[in-house]
Amino acid sequence: MNRTLLESTIFRTGLLLLPVLCLSLIWADEEPSPPKAMIDGSEPGWVLLGKDDFVNDVNCDPETWTWKDDILLCSGKPVGVMRSQKVYTNFELIVQWRHLKPAGNSGVFVWAPMEALEVLKPNSLPKYGIEIQMLDHGYAEQYEKRSGKKGDWFSTNGDVFAVGNTKLNPFPPLSPNGSRSFPRKNLSKGAGEWNHYYVRCINGEVRLWVNGEEVSGGNNAEPRQGHLCLESEGSPIEFKNIRIRELP
């Protein structure tokens, strides 16, 4: 190959590779995407939680929580919680849930100590624990109409935050006052559709995956041992496929 032809070939090859190089530089500057995890709880060690694994003796009515086959229906009234029989420390948790009406509010508490539950009055929520929020998108619109204020202190896609006397260092992005871990992505589905939460709680760190992608969490939680609590907060909601795998 003569010199002119060689130079021409090198020039054309460079032009072809230039877009690839540019894309590589762009991708290198982007933050890596959080890992996806649509875990179904079919692996060894997972336990399906049912009626016998929960106790409705905290501050709800007997009719607040109803089991039908593998579905748990919460009427939403009165405001309160149902707790797990067991106390958990390190674990993975799967909860599928759907609001039956727009603007529904609920959640699951992790690491709620008995001292916060045994004295809980009707129409109130625990003063300890980490709340993994389950809030329908219509709640934001309803809040603004009711209060006349913009609901910028919460999101409807999986906030994680410490309640009352519990401590937590929330992961960014944060709510305006810094108390909540806001989701990195908006992945929750609206009323009538099932959502999939995968929660990992290890050594004081909580991480939440919404419909297969990690979105929020926090670390340095205290206390980091306690009951699971499902929340009744004014609107009907269904739960299913509640599974847990305890970890060392």
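The values are calculated or read from the model by the stated rules, or taken from the named source; none is laboratory data. Note that the coordinates shown come from a computational prediction; the quantities given were computed from them, not determined experimentally. Glycine gets a Cβ as well: all are built from the backbone with ideal geometry, and neighbour counts include every protein chain shown.
Would you mind stating whether GLU205 is crowded, with 17+ Cβ neighbours inside 10 Å, among the charged types (D, E, K, R) and over 20 Å from GLU141 (Cβ atoms)? Taking the combined requirement at face value, the residue satisfies it. Condition check for LEU18 on (1) at pLDDT below 95; (2) under 23 Å from GLY192 (Cα atoms); (3) not β-branched (Val, Ile, Thr): one failure, at (2). For ALA103, the criteria (1) out of contact with any helix residue (DSSP H, G or I) (no Cβ under 8 Å at 6 or more places or on another chain); (2) assigned to a loop (DSSP other than H, G, I, E, B); (3) among the hydrophobic types (A, V, I, L, M, F, W, C) hold in every case but one, which is (1). Of the residues screened, ASN157 is not one that is in a loop (DSSP other than H, G, I, E, B), in the same structural domain as GLN96 (by TED's automatic domain parsing), surrounded by fewer than 16 Cβ atoms within 10 Å (Cβ to Cβ) and within 17 Å of the chain's Cα centre (by Cα). Looking at (1) within 12 Å of CYS229 (Cβ to Cβ); (2) out of contact with any Cys (no Cβ under 8 Å at 6 or more places or on another chain); (3) touching a residue at least 60 places away in the same chain (Cβ under 8 Å), which is the one condition that is false for ARG83? Result: ARG83 passes all but (2). Where strands (runs of 3 or more DSSP E) sit wholly within region 167-248, those with at least 1 residues that are of a type in the set (Ser, Thr, Tyr) and under 23 Å from SER124 (Cα atoms) occupy 227-232. Only one of the numbered conditions (1) farther than 19 Å from MET82 by Cβ; (2) surrounded by 14 or more Cβ atoms within 10 Å (Cβ to Cβ); (3) not hydrophobic (A, V, I, L, M, F, W, C) is violated by HIS227, and that is (1).
A single entry from TYR139, TYR143 fulfils the requirement of being in contact with a strand residue (DSSP E or B) (Cβ under 9 Å, 6 or more places away or on another chain) and part of a helix (DSSP H, G or I): TYR139.
Among the residues of region 85-105, how many are within 18 Å of the chain's Cα centre (by Cα) and closer than 22 Å to ASN123 by Cβ? Step through it out loud before you land on a result.
From region 85-105, those within 18 Å of the chain's Cα centre (by Cα) are 88-99, 103-105; that's our starting set.
When the remaining residues are screened for being closer than 22 Å to ASN123 by Cβ, the result is 97, 99, 103-105.
Matching residues across region 85-105 total 5.
I'm checking my understanding of the structure. Among residues of region 29-64 that are within 30 Å of ARG184 (Cβ to Cβ) and outside any loop (DSSP other than H, G, I, E, B), which one is modelled with the lowest pLDDT? Restricting to residues being within 30 Å of ARG184 (Cβ to Cβ) and outside any loop (DSSP other than H, G, I, E, B), the top hit is ASP29. When region 85-104 is filtered for residues that are out of contact with any Phe, Trp or Tyr (no Cβ under 6 Å at 6 or more places or on another chain) and either of a type in the set (Phe, Trp, Tyr) or within 21 Å of SER235 (Cα to Cα) (or both), the ones remaining, listed by number, are TYR88, PHE91, HIS99, LEU100, LYS101, PRO102, GLY104.
Can PRO170 be described as crowded, with 19+ Cβ neighbours inside 10 Å, closer than 26 Å to ARG83 by Cα and assigned by TED's automatic domain parsing to the domain that holds TRP65? Judged against the criteria, PRO170 is a match.
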